Amino acid sequence: MNKPEPRTYVIAAVIVIVSVILLVRLFFLQVLSDEYEVSALNNSQRHIIQYPPRGIIYDRDSIILVSNKAGYDLMVIPQQVKIIDSLRLANALGIDKESFRERLAEASFYSRFQPSIFYKMLSAEEYAGIQEILYDYEGFYVQPRVMRQYADEVGAHFMGDIGEVNDNVIAADAYYRMGDYAGVNGIEKYYEKSLRGKKGVKIFLVDAHNRIKESYKDGKFDTLPEAGKSLVSSIDIDLQEYGERLFVNKIGGLVAIEPETGEILALVSSPGYDPNLLVGRNRGYFYDSLLNAPNKPLFNRAINSAYPPGSTFKVVQAVIGLDENLISTSTSIPCNKYWVNCHNHPPATSVTKAVQFSCNPYFYEVFRRMVQRGYEKSIFRDSPIGLDMWKEKVVLFGFDQSLDIGLPSVSSGQIPGSDYYDALYGQYRWAFSTIYSLSIGQGEILATPLQLAHFAAIIANHGYYYTPHVVKSVGEEGKEAKYRKKYILPFKSEVYPPIVEGMKNAVNAPHGTAGLARVKDVTVCGKTGTAQNPHGEDHSIFMAFAPMENPKIAIAVYVENAGYGGTWAAPIAGLMIEKYLTDTITNKWGEERILNANLIPETADEKED
Amino acid sequence: MRKRINILKQIDWFTIGVFLMLAVIGWLSIFSSSWEGIGDSMFEPGSRQMKQAVWVGLSFLMIILVFLIDSKFFSAFAYVLYGLVILSLVAVLVFGKEVNGARSWFELGNFRFQPAEFAKIFTSLALAQLLTSFQFDLKKIKHLLWAFVIILIPVAMIILQNDTGSALVFFALVIVLYREGMKSTYLFIALAAVLLFVLSVLISPGWVLAGSAFVLLALYWLNEHDNKGFFVALIVATGIVVVLFLLKQREILNLGFGWIVTIAVLVTLLSLLPGMLRARRNTALVLSAILLGTFVYINTLDYVYYNVLQSHQRDRIEHTLGLKDDPLGIGYNVNQSKIAIGSGGFSGKGFLQGTQTKFDFVPEQSTDFIFCTIGEEFGFLGAGLVVLLFATLLVRLIMLAERQRSKFSRVYGYAVVSILFFHITINIGMTIGLMPVIGIPLPFFSYGGSSFMAFTLFLFIFLRLDANRLEIFR
Ligand SMILES: [Zn+2]
């Protein structure tokens, strides 16, 4: 034999020591500590979730917009199922025997011991139909759920809807379990945490086969569900309904805002859809068909469709031009059609008249003065400086910003700066002549109806605003702080009156561009615009506020493929203003004209983007 | 004929007895962990326990085969077999099937087969063959490097398969090298490296560096009994620390705490150098070199830890070291596993009566977490018995290895001991939260054919060599 090697004993000792460590650890874990036995007890409890009612949504006059109705999921625990007569239950549910077997197989595949949904969202009537026979089917039970109910067929876009949470939502928020519902759009999504309330739980003990034995400690640890908070929306549902009616057979959107509070009164996107379609177990089917429908009814044009704002943007140029003393109230600029095309109109001898007549060369020159400041000799070096100074002012009005209005995914539109053109053409390779169409709101500027309405509200207020919002109050807490904060723009207060005067004249004076927006006994101030559309007829745009002295409503209207802004968008705005201010329509002829108009181009469904 | 009878007498039946006990308990655990309720038969065709039974049967056939082969075969063909298994590791990278993110399986009809499991056996044989070569001496760096080449080739292939756990197993063979005479300094360096790593994750690289620096300074004092020199050094070091701190506060020089102390101690040690050289002593030089080495090591480690390791790997390490408490995330498996084992109590809930290992509370309950089933259903008595059986097996195998006349057999025996030891410690340690979650099976227990078969073959080749111990005089 070999002579004894000391390292043998080292190795053997290490093995013995490690074994002793494992034994000691096991002894602590299994014999000394009872912490893990308690945990195991928790593992063998069954927690039955109690779903709270979801918060109600009201309109600004406390009319219920969204409420709840009962829905029931038929659950199954495959391991406990002893089928006596599957045909009877299948018939009661209105499915065939094959489908019944498939559903059961799918549930077994998920887990034999854990409950899974066998049949989704039975209505109260359907539930009553199977309640009687359900006692004969061991392993099946009913889990109450919350379903939404919409009072009317309007407002789908801002209210949004709820749907089953997907894996991403569950991963992001531990509150949710498979099969739970959460807001997927609109107010429902943005205010999900307020609306959902808090789930309660009833704890039961289960045996080794996961069958319920008894309530755990007589319900001592059960928690009651907390109802979701109710919301009062700022929307005036009558005005909303009227807006949607005016937009029948038209594509586009409108947003109306109460200037002195920032509350959004109406938010119309057309085509719309009946929100009740997206409730219950047919949600998936209707959702898909809406997704593929022509003109994209699910797309919220009011906050997401961004177009060049056209001539409405001249008002922005006027404010900045006056504020920077690039023009005075009495600056006269000839209508030089060599610079940029224009229509025939009396001479624009002041900024007021330039707004009234919407003179293109006038604002071409104003914008040139802004861009070419003369800080650099080369216009290629000078223009980027001027453009960025200009952009800095423009974004103050909410352009190029995603406004936090209480709805998810609000588009920001676009205001190009020097970085934009540098990327497009290269640094110092563009100048005013490249970008002059920005002067009249064409080219690379993009704004949504929401942004234009917000801008109209700022002009109506002579320079202050509250962030626009769709929810006036949350539960008992009232209005959120972020919507109570007043913002004042850093422009001189003298700049607004001459511009407002021009907007008044655009609607009310003989040579104005927006006569169709006139309202009896109300001074409407407005500005037309036309968004050039390379795919077809131009988009008709109008923004306005009224009454002039004490504005109660500011509005922006986009009608796609409807041509010149004064023709269609302006009269729709006029009708909305009259409806909101007086609750009556005196201009019956104008109303008929709009209601009967069909402005959907035949090929629009293939042109959208 | 005479020879066969002799062999049967020479076989170590004690080891076979322990092996059989482990195999039976293992199989029952697999049955229990895949049992779903009354009505499930123990011999249900197609069930996990029956699939495993087929593998156990095949393994027994292989045992007979091993005893029919001449024992010289294993040393004569050691390198050939090693080469073949390396080829199969390459092949699996190309033709293999990916399971749980690791491309380490061949698929033949219903059966899956993992060559990495067998690589352990043939690497051990090759290592035994290498260490037995003429004038081979592990004290020579060159020879030691050859040994590591043998070990590291399969490691590299298995890491490429994305199966880090199985690759780590091969490092257990260092125990063999230690037994066969590798300088223990290397082992100390390796242990110190692990300790420094754990400490720098637990505390912070800076503090660990600072601590090492002062330990080295203290070593200087202990070694040199140079009180005066030491106190001068201490004052100089403190002075440098203060100056660097002030610079840091003025934001002139932004150095971490560890850097400051290291630089201070380094400068101090080097300042003692002239005096030391005059006295023909090199303690300061050696300590400075160690300190520099530690410094480079910790900073490299810090970089690797945050820039090379993936976040889930960091999470596992930090969770094991108790830095993260996240029972629903990375710690879910371990927490559920601890609950299952802990709820077994002293004597367990009884066979098939476990609630935690049913209902999917514990994931991978029949493979990597099979020990939970034993812990829950048989309690401390059962789990302790399994640990004791494994310890007995290992100690017995050491005794067998030491009684070999052939160095080849001894080295191979120690390889069996090392690799089994590693698997057992990591796997059981993992289920009770002492080790990070490294997905390697528990020998003879975990569900999986190649695993069971490979461990059986691994063990019985050694028993075959042992049975022939008297005939070999090499
Ligand atoms: Zn003009």
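Values computed for the structure shown
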item	result
Simple spin-label estimate for A:ASP388 and A:GLU5 in nanometres, 7 Å along Cα-Cβ	7.5 nm
Spin-label model distance (nm) - A:SER409 vs A:GLN532, 7 Å beyond Cα toward Cβ	3.0 nm
Accessible-area value, A:TYR580, 1.4 Å probe, nucleic acids and ligands omitted, Å²	50 Å²
For peptides A:85-97, B:443-455, sequence by mean Cβ density within 10 Å, most packed first	B:443-455, A:85-97
Partner chain coverage, peptide B:383-395 - average Cβ within 10 angstrom	4
Alpha-carbon spread of the protein assembly as shown, three principal axes, descending order, Å	126, 95, 54
Per-residue mean of C-beta atoms belonging to partner chains within 10 Å, peptide B:433-441	1
Order of exposure, largest accessible area first, which applies to A:THR261, B:THR268 with probe 1.4 Å	A:THR261, B:THR268
Contact order relative to length of chain B, as percent, for alpha carbon pairs under 8 angstrom and 6 or more apart	23 percent
Ratio Rg/Rh, restricted to chain A and using Cα atoms, in which Rh is the Kirkwood radius	1.15
More than 29 angstrom apart: percent of Cα pairs within region A:46-233	31 percent
Degrees, to the nearest 10: B:449-467 long Cα axis against longest axis of chain B	90 degrees
Loss of accessible area when A meets B, both sides summed, Å² nearest 100, probe 1.4 Å	3600 Å²
Theoretical FRET efficiency, 1/(1+(r/R0)^6), r = Cβ-Cβ of A:TYR285 and A:ALA171, R0 30 Å, to 0.05	0.65
Solvent-accessible surface (1.4 angstrom probe) belonging to A:THR349, in square angstrom, nearest 10	60 Å²
Globularity ratio of chain B, using Cα Rg and 2.2 N^0.38 Å	1.16
Ordering of A:282-294, B:159-171, A:487-499 by burial proxy (mean other Cβ atoms within 10 Å per residue, highest first)	B:159-171, A:487-499, A:282-294
Per-residue [θ]222 nm for chain A (sum of -39500 (n - 2.57) over DSSP H runs n ≥ 4, rounded to 500)	-10000 deg cm²/dmol
Helix axis angle, B:283-307 relative to chain B longest principal axis, alpha carbon, degrees	60 degrees
Area accessible to solvent at B:ILE290, 1.4 Å probe radius, in Å²	80 Å²
A:ARG101-A:GLU138 pseudo-label distance in nm [points 7 Å out on the Cα-to-Cβ vector]	2.3 nm
For region B:196-309, Kirkwood radius (reciprocal of mean inverse C-alpha pair distance, Å)	14.8 Å
Helix-only CD estimate at 222 nm, as mean residue ellipticity for chain B, using -39500 (n - 2.57) per DSSP H run (n ≥ 4)	-23500 deg cm²/dmol
Rounded accessible area per residue of region A:46-233, 1.4 Å, Å²	51 Å²
Among B:292-304, A:550-562, B:77-89, the order from most to least packed when residues are scored by Cβ within 10 Å on average	A:550-562, B:77-89, B:292-304
Pairwise FRET efficiency - A:TYR487 versus B:ILE189, Cβ, R0 = 51 Å, nearest 0.05	0.15
Computed E for B:LYS9/B:ALA76 - FRET, C-beta separation, R0 22 angstrom, nearest 0.05	0.30
Cα-based helix-to-principal-axis angle, A:237-246 vs chain A, degrees rounded to 10	60 degrees
Percent accessible area from carbon and sulfur atoms, the protein assembly as shown, protein chains only, probe 1.4 Å	59 percent
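The values are calculated or read from the model by the stated rules, or taken from the named source; none is laboratory data. None of these values were measured; they are calculated from a predicted model. Glycine also receives a Cβ, built like all others from the backbone with ideal geometry; neighbour counts cover every protein chain displayed. Ligands, DNA and RNA are stripped out before the accessible areas are found, and what is left, the full protein with its side chains, is counted by its heavy atoms. Shrake-Rupley method; radii C 1.70, N 1.55, O 1.52, S 1.80 Å.
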